[in-house]
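Please treat every number below as a calculation from the coordinates, not as lab data. Please read all numbers here as calculations on a predicted model, not as lab measurements. Note: ideal-geometry Cβ built from the backbone for every residue, glycine included; neighbour counts use all protein chains shown.
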Amino acid sequence: MSWVLDHPLTVLTFLPFAGALIIAFCRRDAATLIRWISLVVSLLAFALALKVFLDFSPNQPGMQFVEHRPWIASPPISYHLGIDGLSVLLILLTAFLTVLGVLASWTSITSRVKEFFLFLLTLETGMIGVFVSLDLFLFFIFWEAMLIPMYFLIGVWGHERRVYAAMKFILYTMTGSALMLVGILYLYSVTGTFDFETIERQLAGSVHALSGTAQVWLFLAFFVAFAIKVPMFPFHTWLPDAHVEAPTAGSVILAGVLLKMGTYGMLRFCLPLFPQASREFAPFISVLAIVGIIYGSLVAMVQPDVKKLVAYSSVAHLGFVVLGIFTFTMSGIEGAIYQMCSHGVSTGALFILVGMLYERRHTRLIKEFGGLATTLPVYSTFFMIVVLSSLGLPMLNGFVGEFLIIVGAFHARPLFGALAALGVVLSAVYLLWMYQRVFFGEVTNEKNRNLPDCTGREKIILVAVVLVILWMGIYPQPFLRRLDLGVAQVIHRIEQGPPSFALKKPFLHAERTR
Amino acid sequence: MITVQASDLVRILPQTILAGFAILVMMFEPFLPAGRKTLLGWFSLFGVIAAGAAAIRTSFSPGLAFGGSVAADRFGLFFICLFLLVAALTLLGSFNYLERENINHGEFYALLLMGTVGMCFMATSTELVMIFLGLEISSLATYVLAGFKRHDPLSNEASLKYFLLGSFATAFFLYGIAFVYGLTGTTNLLVLSERLAKASSWSPLAWVALILMFVGLAFKVSTVPFHVWTPDVYQGAPAPVTAFLSVGPKAAAFAIFLRIFLGAFASAGSIVFWIIWVSALLTMCLGNLAALLQSNVKRLLAYSAIAHAGYVLVGIAAGPKEGTATVLFYLAVYALMNVGAFVLVAHLTGTGERWTRIEDFAGLGYERPGVAACLAVFMLSLAGFPTTAGFFAKFYIFRAAIHSHLIGLTIVALLTSVISVYYYFRLIVVMYMREGKTQASSGPLPWALRVALAVSVVGIFYLGLYPSDFLLLTNLAALPLP
């Protein structure tokens with residue numbers, strides 16, 4: 001028992017996988033048993049994540065709960081785990097959303113139940129592994145390994161075009177990871193190690209400092225891999241397909257956690273390892289992020305399918321996150337991390353709500369609905385709260401992150417702040433317009449007349465989500481406090497060293513004319 | 001005049017034992033009734049294990065034998081062990097197959113053992129004529145094996161094609177040897193490398209010799225553009241034979257490749273490097289792209305085998321220091337996953353190998369979860385996903401390539417391996433995501449096959465999680481090469 005408490009991250013990472021192994025030995029037709037096992041395992045993982053979150057000391061700089069032991073001798077790869085302010089919230093989010101995913105799949109998954117929950121729990125291991133790895137190689141292994149369960153979740157339990165969507169998802173991500181692997185190998189050939197903290201120290205020192213060109217290429221190799229995952233405009237085209245075709249739990253995890261791996265990667269690797277290149281590219285990236293915000297919102301506005309609308313809203317929301325990260329300000333980055341979590345909760349909840357509607361009507365087209373508020377009052381109320389949280393109403397979770405990001409953006413460049421604020425308005429437009437068409441007015445379609453309202457299980461899910469939404473909106477301090485030191489460290493790294501080669505000589509210009 | 005000493009005999013002990021068992025199999029064959037021929041298979045398996053024990057004995061007295069024409073060095077012994085593993089897995093996978101196809105004759109086992117003997121000599125010889133003899137022994141055995149389903153036209157076609165193009169290739173190789181001998185007066189690789197290094201300038205004929213030998217070997221390892229025979233032969237040959245063909249002779253030819261081009265012809269310098277570079281590029285691109293279009297599982301695996309030869313060439317291009325060890329690692333991993341995949345496919349395709357289309361595997365994931373999981377593991381490993389051995393095999397090659405500043409080639413290799421994900425996953429898609437009554441499900445797995453699969457899968461995961469010990473071993477094995 002004490003071993004468990006001494007190695008919370010290892011246990012947290014592999015507990016879901018152990019659950020998956022137990023499920024592997026269950027009988028195929030014992031569906032109820034399998035559901036309960038997954039629920040218990042995911043709840044245990046959530047409890048442990050909560051304990052880690054509470055034990056995480058906001059005043060201690062550097063990594064916490066560190067575990068470090070050698071794994072492979074050549075190349076020197078170690079099993080190095082640890083969390084800091086950048087990752088602590090994301091672990092909690094992952095564990096929370098997995099519980100929701102299990103609950104949301106309780107009745108909607110009827111075929112191949114065993115395999116579904118097996119993959120869902122394996123996926124959780126991969127996701128947590130990505131967030132706790134401090135060895136580039138270990139990180140890469142989790143990053144890749146996590147693709148396989150997600151691929152199966154989309155491809156087996158998805159909707160009509162699932163195979164296409166799954167293949168597109170995996171090929172996009174693999175292309176990015178191939179580039180990242182080259183980057184990791186190059187870093188290894190320069191520094192002789194895969195250990196993140198050692199590499200960071202060495203690159204910060206003068207001995208192994210990278211040349212400008214090398215830094216730019218490495219930054220791009222990592223950044224493109226993460227940008228595909230986020231996904232940033234113009235790499236976003238896999239997202240609508242994957243989100244729409246995935247089963248509800250798959251969409252929740254995709255939107256809630258997988259997209260955050262991209263932004264987390266930028267924060268964890270791109271900024272601290274390649275500070276000059278990050279500064280160099282910040283304006284371009286910010287512009288792309290803003291294009292993503294506005295483009296995503298506009299496209300979301302005209303979607304006939306609710307699920308697709310939510311999918312495109314993710315492009316917009318993640319645009320905010322990237323914008324916040326590349327402001328290099330305390331409030332911008334903290335806002336970005338906060339926005340990652342609140343987007344995970346609210347978009348996850350939106351996908352669950354859409355899934356519930358789909359279970360009842362087997363369609364997600366907006367024009368099929370109308371006036372649902374009269375037939376499904378409880379469901380409509382929950383939907384309203386989640387919509388408001390997603391569009392950033394003050395006192396709900398979405399507001400805190402977006403506000404901090406916009407403050408940061410105004411600091412960095414007022415124009416960016418102004419354009420991002422426009423994005424907030426647009427999100428209100430597409431979400432409320434959708435809400436109005438689906439829930440208000442007369443019941444226009446007879447099929448909607450006698451739909452059953454939320455069941456007990458659904459109410460449990462939604463109440464849990466709403467509680468989190470309210471807590472994150474009203475009292476964000478316990479969350480934000482834990483981010484401070486981690487974020488401060490990243491900003492310190494960014495501001496360290498030569499101001500920027502751009503100030504002395506316009507770097508990109510020099511590259512082009514060479 | 002060479003006098004044979006006891007140590008000489010010890011140094012070719014594994015080969016001798018294998019050859020002895022092959023002859024014994026032929027002698028016993030007429031005395032066994034038709035239904036009992038599998039006994040000969042088990043006997044051959046025992047022979048392979050005995051040869052493995054002999055290889056361990058040989059490793060205690062390394063050195064040259066027979067006047068420097070055979071080298072029982074770590075490099076050669078590594079390959080011998082690899083070939084014995086391949087032969088053992090193939091044997092385990094072929095018992096029921098032969099029974100099912102009604103071709104359970106003792107000759108199969110004898111030829112398999114003789115082929116292995118030839119490959120062992122290819123890997124251990126340090127003398128060109130000796131290498132050629134090994135090449136011929138293994139080739140003749142495999143020509144016959146490819147046509148072992150005598151009543152199947154496809155199998156006959158495969159055998160004929162393999163024979164004609166293979167003879168061409170060995171003729172090229174032999175012609176190259178003749179030139180080398182004419183120019184330098186020696187066929188011993190060590191002497192040759194000294195003489196070539198001393199030569200102030202290379203005569204054009206030396207280049208001709210080099211190119212001829214390269215072409216001969218390129219046929220054997222099926223690099224582009226000398227690969228055209230591969231898909232037809234792999235498709236037509238009996239599936240367990242394909243398992244053997246796709247790994248054994250290929251690895252043996254790579255062993256010669258390393259000995260000749262990184263050893264004897266090392267002084268040729270950048271020309272050899274560029275030839276390898278270009279063929280690596282072509283092989284990776286064409287192999288992977290052509291595999292995208294295949295609808296037959298055996299052809300798909302054939303093109304994948306071509307593509308993998310391309311990755312091995314990247315390792316060779318990375319140079320003798322780090323590259324050789326990674327090539328050995330790659331070949332071993334490749335042996336595990338490819339033999340595993342082919343013997344499993346051999347079982348699944350049913351009597352007469354009817355179900356070889358990819359679509360025939362639809363729904364397999366739910367009807368035969370264990371079998372499908374094994375096949376999925378092989379596919380994931382071939383595609384190079386982490387936690388499987390295929391990942392580290394590729395990873396070490398790429399690391400060596402980046403160390404040698406082959407950035408461009410590495411990026412191409414990485415991108416083509418992303419492409420490869422598409423076709424390997426097609427099989428997984430069909431098995432798990434396509435509804436349907438699976439055609440390819442022929443009864444329970446025989447337990448000999450289970451052993452073969454268990455060895456491959458466990459090996460794949462072991463090397464995927466703890467690769468470093470084995471890498472050390474391959475580093476040791478690569479030492480004897482300059």
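With helices defined as uninterrupted DSSP H runs, which ones in chain B have an alpha carbon span along their own long axis of at least 24 Å and mean Kyte-Doolittle hydropathy of at least 1.6?
Flagged H segments are B:128-146, B:204-221, B:270-292, B:407-433, B:447-465.
Roughly how big is the protein assembly as shown's charge dipole about its Cα centre, with Cβ charges of +1 (Lys, Arg) and -1 (Asp, Glu), in debye to the nearest 20?
700 debye
Taking Cα atoms, how many degrees apart are the long axis of helix A:162-191 and the longest axis of chain A, rounded to 10 and kept between 0 and 90?
On a 0 to 90 degree scale, this one is about 20.
Find the centroid of the Cα atoms in region A:463-496 and in region B:210-229, then give the distance between the two in whole Å.
For region A:463-496 versus region B:210-229, the Cα centre distance is 61 Å.
So what J values fall out for region B:352-365 if you push phi through Karplus, 6.51 cos²θ - 1.76 cosθ + 1.60 with θ = phi - 60°, rounded to Hz, Gly and Pro as x?
x, 6, 6, 9, 9, 6, 4, 4, 5, 8, 4, x, 4, x
Under the rule a/c < 1.5 gives rounded, and otherwise a/b versus b/c splits prolate from oblate, where does the protein assembly as shown land using the Cα gyration tensor?
prolate
Shape verdict for region A:60-145, please, from the Cα gyration tensor: rounded (a/c under 1.5), prolate (a/b greater than b/c) or oblate.
Because a/c hits 1.5 or more and a/b fails to exceed b/c, region A:60-145 counts as oblate.
Going down the table (A:K51/A:K168; B:K220/B:K321; A:K260/B:K298; A:K114/B:K37), which pairs top 31 Å between alpha carbons?
From A:K51/A:K168; B:K220/B:K321; A:K260/B:K298; A:K114/B:K37, over 31 Å: A:K51/A:K168; A:K260/B:K298; A:K114/B:K37.
What is the angle, in °, between the Cα long axis of helix A:136-145 and the longest principal axis of the Cα atoms in chain A? Nearest 10 is fine, range 0 to 90.
The angle comes out at about 20 degrees.
With θ taken as phi - 60° and the coefficients 6.51, -1.76 and 1.60, list the Karplus ³J(HN,Hα) couplings across region A:306-317 in order, rounded to whole Hz; mark glycine and proline as x.
Coupling constants for region A:306-317: 4, 5, 5, 4, 4, 4, 5, 4, 5, 4, 5, 5 Hz.
List every residue whose amide H lies under 5 Å from the amide H of A:I77, counting only residues 5 or more places away in sequence or on a different chain, with H placed 1.01 Å from N in the peptide plane.
For A:I77, whose amide H was placed from the backbone, the distant partners under 5 Å are A:W71, A:I72.
With a ≥ b ≥ c taken as the square roots of the eigenvalues of the C-alpha gyration tensor of region A:337-392, please select rounded if a/c is under 1.5 and otherwise prolate if a/b is larger than b/c or oblate if it is not?
prolate
Give me the distance between the Cα centres of region A:145-195 and region A:278-338, rounded to whole Å.
Cα centroid of region A:145-195 versus Cα centroid of region A:278-338: 22 Å apart.
With a cut-off of at most 12 other beta carbons within 10 Å, and DSSP calling the residue loop, which GluC sites (Glu not before Pro) in region A:398-465 qualify? Please list them.
A:E442
Can you tell which of A:F196, A:L391, A:L39 lies farthest toward the positive end of the dipole of chain A, using +1 and -1 charges on the Cβ of basic and acidic side chains (Lys, Arg; Asp, Glu)?
Farthest along the dipole direction, towards plus: A:L391.
Round to a whole angstrom and tell me the spacing of the C-alpha centers of region A:339-371 and region B:122-190.
66 Å
Across peptide A:61-73, how many C-beta atoms of other chains are within 10 Å of each residue C-beta, on average?
1
Quick one: which residues, 5 or more positions from B:S125 or on another chain, have an amide H under 5 Å from its amide H? H modelled 1.01 Å from N in the peptide plane, none for Pro or chain starts.
Under 5 Å from the amide H of B:S125 lie the amide H atoms of B:A71, each far enough along the sequence or on another chain.
Rounding to the nearest 10 and keeping the result within 0 to 90°, find how far the Cα-based axis of helix A:397-412 lies from the longest principal axis of chain A.
Taking Cα atoms only, the helix is inclined about 30 degrees.
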